[in-house]
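So the structure is just underneath, and the comments pick up after that.
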Amino acid sequence: MSRTVYVNGAYLAEERAAVSVFDRGFLMADGVYEVTSVLGGRLIDFGGHMARLRRSLDALEIEAPVDDDELLAIHRELVARNAIEDGLVYLQVTRGNPGDRDFAYPAPGTTRPTLVLFTQDKPGLADNPAARTGWKVISIPDIRWGRRDIKTVQLLYPSMGKMMAKRAGADDAWMVEDGFVTEGTSNNAYIVRGGRIITRQLSPDILHGITRAAVLRFAREAQMEVEERPFSIEEAQGADEAFVTSASAFVMPVVEIDGVRLGDGAPGPVARRLREIYLEESRRAAL
Ligand code: PDD
């Protein structure tokens, strides 16, 4: 069945939705995005995703196309029209269509940003069987640009990384810069040593994950120790556990890194517990 998607104020059948060939999102990857999960028909961590959207837009000097109340209304309308019980809402804002190709940004106020949203139906998203066996990851060099804290649609290298992982028989790739893990292709990376959760500190080197913020908050509330610092692949291979977080994977255990099994090769207790707490708490607070 055809989805209903949203483009610049209109709800359209997906076949009828279109964006200009001159859109700077298409020509220059000049756009930002958010992915918000839906569980039980409700939006998970909506406020966090919209706050990060603002930060991404501000960093690129793209005008916000509509306010947060309107964005919430659009998200809800799409979830309802597409009867999404469990799934994702993808939102993208680009600098829009200035009518031609030019490296310079269009003059302020002359070009309306493009706003596109669509849903992805993922029945049973929170019961992903992969969470019971855990992911295998490989390491690859991080050759992305220096502002990874802005959630831009420049996702070619993360896509290549995902393909490298698949071809190596793994589930994802952890990117490494100057000897330390930055993050996964589309998630934040963690290890656990002696019950302590270790994850890279926030900086422009990584995306400031909304799931990361929530998981670290819940971990601290549950009296778990958290250390925000870089770690290497070698340290991770010797850790008790590892996991990743994102809006689509929630908390996903990692059981193998570059062919080295962690512990007994099964998801560890800290990752399993954090997944449980995260799902429970965020369902409770869902909009
Ligand atoms: N990706 N790091 C990167 C590079 C990401 O692309 C993502 C999210 C994360 C986790 O952020 P959050 O917890 O806010 O989802 C970290 C989304 C899910 C995607 O591109 O589909």
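To keep it simple, each residue is scored yes or no on (1) surrounded by fewer than 22 Cβ atoms within 10 Å (Cβ to Cβ); (2) within 14 Å of the ligand (Cβ to nearest atom).
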| residue | (1), (2) |
| --- | --- |
| ARG167 | yes, no |
| MET175 | no, yes |
| ASP178 | yes, no |
| GLU183 | no, yes |
| SER186 | yes, yes |
| ALA189 | no, yes |
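The requirement of being over 19 Å from ALA18 (Cα atoms), among the charged types (D, E, K, R) and touching a helix residue (DSSP H, G or I) at 6+ places or on another chain (Cβ under 8 Å) is fulfilled nowhere in region 89-111; no residue meets it. The residue of region 237-260 that is surrounded by the most Cβ atoms within 10 Å (Cβ to Cβ), among those that are within 21 Å of ASN128 (Cβ to Cβ) and not hydrophobic (A, V, I, L, M, F, W, C), is THR245. Considering only region 65-88, state which residues are open to solvent by 10 Å² or more (accessible area, probe 1.4 Å), free of Cβ contacts under 8 Å to residues at least 40 places away in the same chain and either in the same structural domain as GLN154 (by TED's automatic domain parsing) or within 24 Å of SER20 (Cα to Cα) (or both). Passing the criteria: ASP67, GLU70. Check region 140-155 and report whether any residue there is open to solvent by less than 40 Å² (accessible area, probe 1.4 Å), in contact (Cβ under 8 Å) with a residue 12 or more places away in the chain, in the same structural domain as ALA271 (by TED's automatic domain parsing) and within 21 Å of GLU281 (Cβ to Cβ). No, region 140-155 has no match at all.
Any chance region 200-209 includes a residue that's on the phi < 0 side of the Ramachandran plot, within 15 Å of the ligand (Cβ to nearest atom), outside any loop (DSSP other than H, G, I, E, B) and in contact (Cβ under 8 Å) with a residue 12 or more places away in the chain? Within region 200-209 (the criterion being on the phi < 0 side of the Ramachandran plot, within 15 Å of the ligand (Cβ to nearest atom), outside any loop (DSSP other than H, G, I, E, B) and in contact (Cβ under 8 Å) with a residue 12 or more places away in the chain), the answer is no, since none of the residues qualifies. Among the residues of region 236-278, those that are in a helix (DSSP H, G or I), out of contact with any Asp or Glu (no Cβ under 9 Å at 6 or more places or on another chain) and within 16 Å of the ligand (Cβ to nearest atom) comprise LEU274, ARG275, TYR278. Condition (residue is under 29 Å from ALA59 (Cα atoms), in contact (Cβ under 8 Å) with a residue 40 or more places away in the chain and not in a helix (DSSP H, G or I)) applied to region 118-125: is it met by at least one residue? Scanning region 118-125 turns up at least one residue that is under 29 Å from ALA59 (Cα atoms), in contact (Cβ under 8 Å) with a residue 40 or more places away in the chain and not in a helix (DSSP H, G or I). Within region 9-64, being within 16 Å of the ligand (Cβ to nearest atom), part of a helix (DSSP H, G or I) and open to solvent by less than 40 Å² (accessible area, probe 1.4 Å) holds for GLY25, PHE46, GLY48, HIS49, MET50, ARG52, LEU53, SER56, LEU57.
Only one entry of MET160, MET175 meets the criterion of being under 17 Å from the mean Cα position of the chain (by Cα), of a type outside the set (Gly, Ala, Ser) and closer than 20 Å to GLU234 by Cα, and that entry is MET175. For region 126-139, enumerate the residues that are touching a residue at least 24 places away in the same chain (Cβ under 8 Å) and either open to solvent by 80 Å² or more (accessible area, probe 1.4 Å) or within 14 Å of the ligand (Cβ to nearest atom) (or both). Across region 126-139, the qualifying residues are ASN128, ARG132, THR133, LYS136, VAL137.
The values are calculated or read from the model by the stated rules, or taken from the named source; none is laboratory data. This is a predicted model, so every value here is computed, not measured. Positions of Cβ are backbone-derived with ideal geometry, glycine not excepted, and every protein chain shown enters the neighbour counts. Keep in mind that these areas ignore ligands, DNA and RNA; they rest on the heavy atoms of the full protein, side chains included. Shrake-Rupley method; radii C 1.70, N 1.55, O 1.52, S 1.80 Å.
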